[in-house]
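The values are calculated or read from the model by the stated rules, or taken from the named source; none is laboratory data. For clarity, every value in this text was computed on a predicted model and none was experimentally measured. As a convention, Cβ positions derive from the backbone with ideal geometry for all residues, glycine included, and neighbour counts pool all protein chains shown. For accessibility, only protein heavy atoms count, side chains too; no ligands or nucleic acids. Shrake-Rupley method; radii C 1.70, N 1.55, O 1.52, S 1.80 Å.
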Amino acid sequence: MFSTADRRTGAPPEARIPHVDLRQISYFVALFEEGSVTRAAQRMNVVQPALSMQIAKLERELDQRLFERQPKAMVPTAAGRLLHRLVQPILRDVAEARATMAQLSQSVSGRVTAGILSSLSMSVVPSVLARFAATYPQVELSLADGYSSTFIDGVGDGSLDLAVINKPNRRLGLMMEPLLDEEMVVVGGSATPLPIPMPVRTRDLVGLDLVLPSARHGLRLELDRRVGAEDITLSPQIELDLPSAIADFVARSNRFTVLPSIAVSRQLVEGSLKAYRIVAPRITRQLVIIHHPKYPLTPAAMRFVEILGEELSAAAAALQAHIVTGP
């Protein structure tokens with residue numbers, strides 16, 4: 001958001017440079033060439049709502065309608081045809097870069113020790129491990145499951161090369177790089193009616209019988225900070241620090257929780273849990289990568305971070321179709 005000027009450049013709002021990422025370009029090209037959201041989603045191996053959401057985001061960023069939505073086809077507009085011509089050289093350069101980097105994969109070796117938040121370990125970690133091991137068989141990978149505070153100490157003393165943590169509100173003396181802004185949602189059993197109006201407002205959370213992580217957990221700290229800004233205090237009767245245990249308990253009871261959508265991705269897809277979007281304001285948690293400034297990330301560690309980021313982004317986009325936004 002911009003008020004009177006871009007905070008980074010000082011440029012007025014109308015001079016803001018649109019942010020377009022490679023995934024949006026790839027989705028756009030697939031839809032342009034397939035002419036159908038269904039076929040484009042199949043080509044990109046994503047669900048249709050995720051692809052549609054990225055196309056809509058791209059149109060907003062460029063302030064241009066790229067497709068005419070017709071009953072049985074998506075027809076490119078003049079702006080869409082122009083964009084397709086413009087991005088072709090970009091995609092060719094990216095393909096060449098990937099091919100060149102692939103030739104280096106056999107030389108990537110060594111050992112990577114990383115800390116991964118428990119809220120991620122049951123969701124994207126298995127796919128990250130499978131993909132990383134297949135791509136870089138020469139690398140020995142050791143993952144620790146735990147909490148932000150433990151990982152900060154581990155990276156600080158050198159026992160961990162890197163860690164994924166919830167972005168802290170204090171300076172750590174460590175290198176910190178953004179990974180993902182992840183939506184937090186209200187979660188309940190699929191058969192449990194939501195006792196508050198939809199869409200869920202932040203201040204309505206006090207009307208839920210909640211199960212939450214304890215105050216020492218990074219998720220709870222972030223949640224309390226966000227609701228505290230609305231002059232709200234949450235007082236759950238039950239506290240559990242394992243998101244997987246919270247999810248299983250909520251699925252078997254009439255209670256609710258507030259967790260990142262990725263933390264309950266398996267249950268949302270299976271249908272044992274239902275997620276509801278929180279609005280006014282939305283609640284997100286920021287995931288970041290930390291590593292020691294004296295020890296730059298090795299090529300193997302950088303490859304691991306790349307794959308992790310890609311898998312997280314894909315999982316977050318796919319889960320949008322499983323989040324209830326209104327009555």
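Couple of notes before you dig in:
- Within-12-Å neighbourhood charge of Ser244 [Cβ basis; K, R +1; D, E -1]: -2
- Here each label is just a point 7 Å from Cα along the line to Cβ, and for Thr135 and Ala73 those points are 3.7 nm apart.
- Hits among lysines - C-alpha to C-alpha of Lys57 under 30 Å, sequence gap 8 or more where chains match: Lys72, Lys167, Lys274
- Two-site label geometry, Asp153 and Leu86: point separation in nm, points 7 Å out along Cα→Cβ: 5.2
- In percent, rounded to a whole number, the relative contact order of the chain is 21, using alpha-carbon pairs under 8 Å and six or more apart.
- Bridge type composition, the range 177-284 - antiparallel percent by DSSP, nearest 5: 70
- A dipole drawn for the chain from +1 and -1 charges on Cβ atoms has a positive end, and of Ile289, Ala191, Gly218 the residue lying farthest that way is Ala191.
- Whole-percent pair-distance distribution, where bins are 5 Å wide, for the alpha carbons of the range 144-197: 4, 15, 22, 17, 10, 7, 10, 8, 6, 2
- Cα-centred dipole magnitude for the chain, charges only on beta-carbon of K, R (+1) and D, E (-1), debye, nearest 20: 540
- When the Cα positions of Leu208, Tyr147, Val94 are compared along the charge dipole of the chain, Val94 comes out farthest toward the positive end, with charges on each C-beta of Lys, Arg, Asp and Glu.
- Per-residue surface analysis assigns Tyr295 an accessible area of about 140 Å², computed on protein heavy atoms at 1.4 Å probe radius.
- Taking all protein chains together, His19, His217, His322, His292 sort by accessible area into His19, His322, His292, His217, largest first [probe 1.4 Å].
- Residues Ser142 and Gln286, FRET efficiency given R0 of 30 Å [Cβ-Cβ distance, rounded to 0.05]: 0.75
- Size-normalised alpha-carbon gyration radius of the chain, reference 2.2 N^0.38 Å: 1.07
- Using the Cβ-Cβ distance between Lys57 and Arg266 with R0 set to 22 Å, the FRET efficiency works out to roughly 0.25.
- Rounded Å value of the spacing that divides the Cα centres of the range 272-327 and the range 25-57: 21
- Each of Glu239, Glu230 has its accessible area taken with a 1.4 Å probe; listed largest first, they run Glu239, Glu230.
- For the range 214-285, the relative contact order comes to 29 percent (Cα pairs under 8 Å, sequence separation of at least 6).
- Legend: P(r) of the range 126-219 from all alpha carbon pair distances, 10 Å bins from 0, whole percents, reading 11, 30, 29, 21, 9, 0.
- Sorted from longest to shortest, the spans of the Cα atoms of the range 68-172 along the three principal axes equal 56, 37, 29 Å.
- Residue with peak Gaussian network fluctuation, the chain [Cα springs, cutoff 10 Å], from Pro199, Pro236, Pro18: Pro18
- Within the shell defined by Cβ-Cβ distances under 12 Å, the residues around Ile232 carry a net charge of 0, with Lys and Arg each +1 and Asp and Glu each -1.
- Intensity falloff of the range 208-317 expressed as log10 I(q)/I(0), Debye formula with alpha-carbon point scatterers, at q = 0.11, 0.17 Å⁻¹: -0.45, -0.94
- Accessible surface computed residue by residue for the range 219-327, with neighbouring protein chains in place and a 1.4 Å probe, gives 44 Å² per residue.
- Among Val305, Val94, Val186, the largest mean-square fluctuation in a Gaussian network model of the chain (Cα springs under 10 Å) belongs to Val94.
- Net charge over other residues, Cβ less than 11 angstrom from the Cβ of Pro213 (K, R count +1; D, E count -1): -2
- Top of Leu205, Leu219, Leu62 by mean-square fluctuation, Gaussian network on the chain, Cα under 10 Å: Leu62
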